[in-house]
Number of protein chains: 2
Amino acid sequence: MGGCQTFRLDRFALEGGEQLRDVKIAFETYGELNARGDNAILVCHALTGDAQAGVWWGSLIGPGKTLDTDRYYVICSNVLGGCAGSTGPRSCDPFPLITIRDMVHAQRRLVESIGVTSLHAVIGGSMGGLQAIEWAVTFPSFVKRCIPIATSCQLSALAIAYNHVMRTAIKSDGVSGLALARKIGMITYRSFDLFQERFGRASKRPEAPLAERVFQIESYLEHMGQKLIGRFDANSYLCLLKAMDLHDVGRDRGGIEAALDRIESDVLWIGINTDHLYPAQEQRDWANRIAERGKRVIYREIESPFGHDAFLIEGEQMSRFVGEFLS
Amino acid sequence: MGGCQTFRLDRFALEGGEQLRDVKIAFETYGELNARGDNAILVCHALTGDAQAGVWWGSLIGPGKTLDTDRYYVICSNVLGGCAGSTGPRSCDPFPLITIRDMVHAQRRLVESIGVTSLHAVIGGSMGGLQAIEWAVTFPSFVKRCIPIATSCQLSALAIAYNHVMRTAIKSDGVSGLALARKIGMITYRSFDLFQERFGRASKRPEAPLAERVFQIESYLEHMGQKLIGRFDANSYLCLLKAMDLHDVGRDRGGIEAALDRIESDVLWIGINTDHLYPAQEQRDWANRIAERGKRVIYREIESPFGHDAFLIEGEQMSRFVGEFLS
């Protein structure tokens, strides 16, 4: 139950044409795989996440919870290109370009190696959602249910734009640049109302001269930036941002519609009403486009002041939507 | 008609307590001041704007246009702290902290020096709107009409957050940091739909290997960053961001409500339905709070995919709302 394991591959061919050797994929599992190997739920993590889904999605995963580890075998792996146990830019330099599709292919090798014959469900938010939908398109018959959350079938121009400025910061300034990238990210992950309610115009020393005024929202961002550089690798961040930019389930498949035609799973698409990065309207549009291909898709929307990050925070709504869908 | 002039002040006392000497304020005027000196409209520019309102708001200003230079005497000055002719960080080092209130006091000295006895209207969007509302609160009887657009009576936590990351970029990287700040700014000034429609996932060489793929949204941001560093001073940018952060019409006046009580002018508050930085809901709230103080206020909302920048772009809607209000 939990505890980090490592899956190894001698060689792994990447979509970009290069080959990786001695690939490690760090993963955790919760619960037991059944005899038919078909009760597995694959959890895909977001940009700065890791394999410890039982920790960062503790509201959802556990005995008796929505992803019930008494019934399901829950698997989460650190993505290829990550820096929490899997092969990534920390492992070899230069590290080649990878794609979301590569991450999914590596996960497929991993889950097969541990006896999974089909996935009861694949679920993920943000970059995890890019993987979830890529799974349903790449391996249609292997995936029974797909739950993409606050995500996209092909990354939007706005999301590419934010990734671009975060990349610019890191490329020009290394570790400090990573802290800046994290600050930028944090702003886009939350909402106007949340910041307003939580920080407003509060400052540490309101009586200080104007020139020394530091607002609490600034201290918060500073803290979040510093916290990330203690646990994340700048080159891994760059690598994952690029993989997100390139995410397009329609690539080399005749476009989006042809790609969506491949889906065989039931789909629960979840949006967030205050998401700035993957706006609710975009989420509804993706669900509609999948429905228009004659697929079984349900759309649900989280209502939250937390913005994009709501999928990590609004446990009750997440549990309700996912619980209804799985039962 | 047009043409840059310079107003000079020997000494100017700043809100932060320091004194500036030999202050220059660059300004342009359009039309003729009438004998009573009461047909002047003061236009306040946004962060990277300048005194040439006849150029950047050409859709609004001119003979027969909404700000009709056959009737009104239109004045626009480069703000104190700016870098387009007025005294700012380029003029003296170190340059002291300035506030929006300082900008407004300098403008007051300027307009009085050229014979203006009261302002028929003061109008501005974004940082220009911070000045407009500050004008109505600081000099109530001098301002007959006030038109704040996509702006605030005290800067929000979200806007401070974006200013903070732009400042971080500039402080760590000088001119390149200014280019990065501009890129960040540009993303927040526009909207998801606009970027999606205009750039989508287009790239310069779609046939290039994945590793060399550069999206057009990236080239656009790069271009906007480079363009700004050719015309703007990094220290001036820092100075103006700080002034925006500190903007609070309630400071040293017993709070927002007491400050709003001072207003004597008619107010037309304009919001933009897709504004990420100064959301429409915030704009409606400001208009409501002013109305609750028993003031005459009208709220209008621009509908546009252009986001925050719509006030510079949607000439037809701007003309309609402002025209109705002035007549």
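Computed from the coordinates by the stated procedures, all read-outs in this text should not be read as laboratory data. Everything quoted here is computed from the prediction, not taken from an experiment. Cβ sites come from the backbone with ideal geometry, for glycine too, and all protein chains shown count toward neighbours.
Each other copy places its own label point for A:ASN288 at 2.9 nm from this one, sorted shortest first, where the point lies 7 Å along the Cα-to-beta carbon line. Only Lys, Arg, Asp and Glu carry charge here, each on its Cβ (+1 for the first two, -1 for the last two); on that basis the protein assembly as shown has a dipole of about 600 debye about its Cα centre. Hey, what did region B:24-150 get for relative contact order, percent, Cα under 8 Å, at least 6 apart? Over region B:24-150, the number comes to 30 percent. Averaging the Cα positions of each part gives two centres, and for region B:132-163 and region B:269-297 these lie 11 Å apart. Taking every alpha-carbon pair in region A:56-95 and binning the separations at 10 Å intervals from zero gives 29, 29, 24, 15, 2 percent. Each residue of region B:316-322 was assigned a 3J(HN,Hα) from its phi angle through the Karplus curve 6.51 cos²θ - 1.76 cosθ + 1.60 (θ = phi - 60°); the sequence is 5, 5, 4, 4, 4, 5, 5 Hz, with glycine and proline shown as x. Computed from backbone phi with θ = phi - 60° and the Karplus coefficients 6.51, -1.76 and 1.60, the 3J(HN,Hα) list for region A:287-300 is 4, 5, 5, 6, 4, 5, 7, x, 8, 7, 9, 10, 10, 10 Hz; x is used for glycine and proline. About its Cα centre, region A:158-240 has a charge dipole of approximately 100 debye under the convention of +1 per Lys or Arg Cβ and -1 per Asp or Glu Cβ, with nothing else charged. Once the C-beta distance of B:MET224 and B:GLU303 is scaled by a Förster radius of 30 Å, the resulting FRET efficiency is 0.80 to the nearest 0.05. What does the charge add up to near B:ILE100, with Lys and Arg as +1, Asp and Glu as -1, over the other residues with Cβ less than 12 Å from its Cβ? With Lys, Arg at +1 and Asp, Glu at -1, the neighbours total -2.
How big, on average over all directions, is the shadow cast by the Cα convex hull of chain B, in nm²? Walk me through the intermediate numbers first.
Numbers: hull surface 67.5 nm².
So the Cα hull casts an average projection of 16.9 nm².
Between identical copies, the spacing of A:PRO209 label points, each set 7 Å from Cα toward the C-beta atom, reads 5.7 nm from nearest to farthest.
Relative to the Cα centre, the charge distribution of region A:87-237, modelled as +1 at Lys and Arg Cβ and -1 at Asp and Glu Cβ, gives a dipole magnitude of about 160 debye. Distance from the Cα centroid of region A:37-71 to that of region B:212-235 is 41 Å (rounded to whole angstrom). Remark: region B:271-281, residue by residue, has Karplus-estimated 3J(HN,Hα) of x, 10, 4, 10, 6, 7, 7, 10, x, 3, 4 Hz, where x stands for each Gly or Pro and the curve is 6.51 cos²θ - 1.76 cosθ + 1.60 at θ = phi - 60°. Stokes-Einstein diffusion of the protein assembly as shown at 20 °C, 1.002 mPa s viscosity, Kirkwood radius from Cα pairs, rounded to a whole number: 81 µm²/s.
As an exercise, use a Förster radius of 60 Å and the Cβ-Cβ distance of A:ARG8 and B:GLN19 to find the FRET efficiency, rounded to the nearest 0.05.
Details: r = 70 Å, r/R0 = 1.16.
For A:ARG8 and B:GLN19, the calculated efficiency is 0.30.
Of the three principal axes defined by the Cα atoms of region B:245-327, the extents in descending order read 38, 32, 17 Å. I'd like to know which of B:ALA234, B:LEU260, A:HIS105 lies farthest towards the positive end of the charge dipole of the protein assembly as shown, counting +1 on Cβ of Lys and Arg and -1 on Cβ of Asp and Glu. Final value for the positive-end residue is B:ALA234.
Residue separation of B:CYS92 and B:ASN288 scaled by 0.36 nm, minus their Cα-Cα distance, works out to 66.4 nm of gained length.
Just to be sure I follow: if Rg is taken over the C-alpha atoms of region A:158-240 and Rh is the Kirkwood radius over the same atoms, what is Rg/Rh?
Numbers: Rg = 14.3 Å, Rh = 13.8 Å.
My calculation puts Rg/Rh at 1.04.
Based on alpha carbons, the Rg and Dmax found for region A:175-327 are 19.6, 63 Å.
For chain A, the mean residue ellipticity at 222 nm estimated from helices alone is -12500 deg cm²/dmol, where every DSSP H run of n ≥ 4 contributes -39500 (n - 2.57) and the total is divided by all residues, rounded to the nearest 500. Model label points for B:ARG198 and B:ARG296, set 7 angstrom from Cα along the Cα-to-Cβ axis, are 3.8 nm apart.
Amide H contacts under 5 Å for B:LEU119: B:VAL143, B:LYS144, restricted to partners 5 or more places along the chain or on a different chain, H placed in the peptide plane at 1.01 Å from N.
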